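Undergrad: What follows is a structure written as structure tokens; I'll ask about it next.
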Ligand code: DC
């Protein structure tokens, strides 16, 4: 049977992972958080003392990396690095910048491409990332470009960090959001951009429930689920 796929791309903090996870539950699809995979490579570089922007050094590290992705009893995606569950560790704030830097390297993107495509061949997926609709799954059944104003995204990220007991400063978080957008959109390989056939969903001013209804409606208009 042909597998179905829903691609959700957009800048950080637009609510992609929260919404995609809920959509996956609602539709019985597997949720794939591709940012987590880049984060795992970022964490690996950091742990080995490698500059995440050093293309040569990172490329040299890749063949020796054991990166695994699995689904726990909780149904959630877990990431493994050299056998260790790093699902929590990759969420540290400083790993965001490392992830964004390694994600700009062509060797890293090529290395992770097949892992993502294989998951989509074997499951009905909702995959979120930056280049899912443009590069990873250009034939996706539904493509959504999810965005919101930078200030709204920074505010959400800020609240998330506080809830996790981490210290944060809103202006600093906004600067980081803007910087990460710039890096993700301006890079040469697979930059973040809306696929021509993606539908634009802007969640500025919408709460989670409203955003969820919006996305569910967009999916159901396009796919019989
Ligand atoms: O979605 P996230 O914030 O966890 O992603 C971490 C970084 O990985 C982000 O800066 C962009 C990058 N990324 C990417 O380049 N391509 C993807 N498909 C997913 C994430």
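Bear in mind that the values in this text are calculations on the coordinates, not laboratory data. Everything numeric in this text was worked out from a predicted model, so none of it was measured. Here the Cβ is made from the backbone with ideal geometry for all residues, glycine too, and neighbour counts use every protein chain on show.
Undergrad: Can you give the FRET efficiency to the nearest 0.05 for residue 204 and residue 167, using r as the Cβ-Cβ distance and R₀ = 35 Å?
TA: 0.85
Undergrad: Provide the descending list of Cα extents for the range 24-177 along its principal axes, expressed in whole angstroms.
TA: Sorted from largest, the Cα extents of the range 24-177 read 42, 39, 32 Å.
Undergrad: Please check: in the Gaussian network model of the chain (C-alpha springs, under 10 Å), which one of 74, 141, 82 has the largest mean-square fluctuation.
TA: 74
Undergrad: Rg/Rh for the range 3-92: what does it come to with C-alpha atoms and Rh from Kirkwood?
TA: 1.01
Undergrad: Rounded to the nearest Å, what's the spacing between the alpha carbon centres of the range 17-64 and the range 105-168? Just the number, please.
TA: Using only Cα atoms, the two centres lie 10 Å from each other.
Undergrad: What order do you get for 1, 127, 79 when you list them from fewest to most C-beta neighbours inside 10 Å?
TA: With the fewest neighbours first, 1, 127, 79 line up as 1, 79, 127.
Undergrad: Out of the DSSP beta bridges found with both residues in the chain, what percent are antiparallel (nearest 5)?
TA: 30 percent
Undergrad: Say a paramagnetic label sat at a point 7 Å from the Cα of residue 196, along Cα to Cβ; which residues of the range 116-160 have their backbone N under 20 Å from it?
TA: Within reach of a label on residue 196, which here means backbone N under 20 Å from a point 7 Å along Cα→Cβ, the range 116-160 contributes 131-146.
Undergrad: Mind checking the full-extension length gain between residue 182 and residue 57? Use 0.36 nm per residue of separation minus the Cα-Cα distance, one decimal, nm.
TA: Here the segment from residue 182 to residue 57 would lengthen by 42.7 nm.
Undergrad: Classify the range 167-225: rounded, prolate or oblate, from the alpha-carbon gyration tensor (a ≥ b ≥ c, eigenvalue square roots; a/c under 1.5 rounded; otherwise prolate if a/b is larger than b/c)?
TA: oblate
Undergrad: Additional query: Give the order of 30, 189 when sorted by the count of other beta carbons within 10 angstrom, beginning with the fewest.
TA: Lowest count first: 189, 30.
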